[in-house]
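The values are calculated or read from the model by the stated rules, or taken from the named source; none is laboratory data. Note that the coordinates shown come from a computational prediction; the quantities given were computed from them, not determined experimentally. A quick note on method: Cβ atoms are made from the backbone with ideal geometry, for glycine too, and the neighbour counts reach across all protein chains shown. For the accessible areas, the whole protein counts, side chains as well, though only heavy atoms, and no ligand, DNA or RNA atoms are used. Shrake-Rupley method; radii C 1.70, N 1.55, O 1.52, S 1.80 Å.
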Amino acid sequence: MTYSVEWHGDGLRVLDQSRLPLEERYDLLRSVEEVASAIREMRVRGAPAIGVAAAYGVALAALQSEGAAPTLRPLAVEAAISELERTRPTAVNLFTALNRMRAALCRSNAADMTSTLIREALRIHEEEKEATAAISSLGASLVPDGATVLTHCNAGMLATAAHGTALGAIIEAYRQGRVTRVIATETRPLLQGARLTVWELLKESVPVTLITDSMVGHVMHTQDVACVIVGADRVAANGDVANKIGTYGIAVLARAHRVPFYVAAPTSTVDLSIRSGRDITIEQRSDDEVTTVSGHTVAARGSQVLNPSFDVTPHRYVTAIVTERGIISMPYSTRLREAASGSSGRGN
Ligand code: MRU
């Protein structure tokens with residue numbers, strides 16, 4: 001069975017997403033340092049999957065500290081949490097998961113620290129599985145019959161360590177017989193759409209058409225796109241959505257062509273402490289991701305390069321946000337708060 005992240009008792013088995021689709025290679029990570037590198041280098045990527053992997057990374061830190069003096073062990077685990085917090089700044093799932101692991105660390109003692117932290121990481125993973133299953137079926141209900149659906153980046157099993165959010169909904173709608181075709185954007189610079197989304201859809205036998213990012217306007221203008229569904233890395237309290245660079249442009253084009261623009265994200269991606277998208281930290285990645293493709297230089301040397309990994313779509317372009325607790329539409333401020341704090345969001 002294919003999975004992106006799986007706990008193996010004394011290690012974390014991860015599918016190296018940087019090698020897909022050319023090679024399906026699993027690595028066994030045995031230390032928090034290895035987990036942190038895998039997240040930083042995007043061998044494990046996608047907001048919920050990053051959170052799950054980081055939680056297991058903390059459990060590995062507890063295992064690694066077992067030979068140390070009991071008083072030093074919490075310090076070692078706390079240092080591991082800090083290291084993981086520095087891996088990627090935008091996806092809030094990382095911080096949500098690490099805060100939960102920190103709380104579990106505080107309520108543990110030297111005798112039960114490892115088991116408490118492993119249990120909490122497994123619980124976080126299980127909750128993502130449940131949330132993404134619910135999102136898949138709620139999101140599928142938004143897709144009309146005979147639909148062509150457009151998605152950006154990869155918000156599938158790989159990105160969630162579970163059923164997928166945007167892609168989970170699309171695959172579920174396909175299983176229900178409503179999706180005729182998926183249009184996947186290649187998603188420059190790291191090609192998560194071309195490499196990962198297309199790979200996942202073909203595994204599920206879903207008909208998929210790959211386009212370059214710059215084709216979205218033309219495709220919406222000339223073809224019948226029923227809706228756009230994308231994932232999210234952080235949703236601010238007002239409903240502004242940070243997601244893979246290019247999402248904002250697609251949302252504006254969707255509005256111009258009267259195509260509904262849906263965001264599918266678990267409540268672990270909602271950050272009520274951030275008032276609007278303006279306050280979301282956007283990760284800046286290295287120039288060579290832009291100047292090269294698969295390790296080959298494609299840009300003339302000498303120019304300056306901009307490489308923000310994410311952009312923010314203002315909430316006014318978002319038709320609805322699909323969470324595991326319901327499908328939320330405007331006004332986002334009150335409805336997101338209700339959903340994220342546990343009371344029910346508006347279900348459809
Ligand atoms: O840089 P990445 O590949 O980690 O970015 C991933 C995305 O932007 C996804 O769309 C997002 O995390 C949602 S995953 C369910």
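Would you mind getting me the FRET efficiency between residue 307 and residue 257? Use the beta-carbon distance for r and R0 = 30 Å, nearest 0.05.
0.60
Provide the per-residue ³J(HN,Hα) series for segment 206-220, in order, calculated from phi with Karplus coefficients 6.51, -1.76, 1.60 and θ = phi - 60°, each as a whole number of Hz, with x at glycine and proline positions.
Values per residue, Gly and Pro as x: 8, x, 9, 10, 8, 10, 7, 4, 6, 8, 4, x, 4, 5, 5 Hz.
Given a 1.4 angstrom probe, what's the average accessible area per residue across the chain, in square angstrom?
Per residue, the chain has an accessible area of 41 Å².
Just from its helices, what would the mean residue ellipticity at 222 nm be for the chain, if runs of 4 or more DSSP H residues each count -39500 (n - 2.57) and the sum is divided by every residue, rounded to the nearest 500 deg cm²/dmol?
Counting only the DSSP helices, I get -11500 deg cm²/dmol.
In whole Hz, with x marking every Gly and Pro, tabulate ³J(HN,Hα) for segment 284-289 from phi via Karplus 6.51 cos²θ - 1.76 cosθ + 1.60, θ = phi - 60°.
9, 9, 6, 4, 5, 5
Note the full-extension length gain between residue 25 and residue 341 as 0.36 nm times their separation in residues minus their Cα-Cα distance, in nm to one decimal.
109.9 nm
Could you sort 282-289, 13-20, 297-304, 315-322 so that the peptide with the highest average Cβ count within 10 Å comes first and the rest follow in order?
Most protected by this proxy first, the peptides run 315-322, 13-20, 282-289, 297-304.
Can you give the extra length, in nm with one decimal, that the chain gains between residue 329 and residue 115 once fully stretched, where that is 0.36 nm per residue apart less the Cα-Cα distance?
So the extension gain works out to 73.0 nm.
How much of the accessible area of the chain, in percent, comes from carbon and sulfur atoms when a 1.4 Å probe is used?
52
In nanometres, what is the gap between the two model label sites at residue 141 and residue 78, each 7 Å from Cα along Cα-to-Cβ?
4.5
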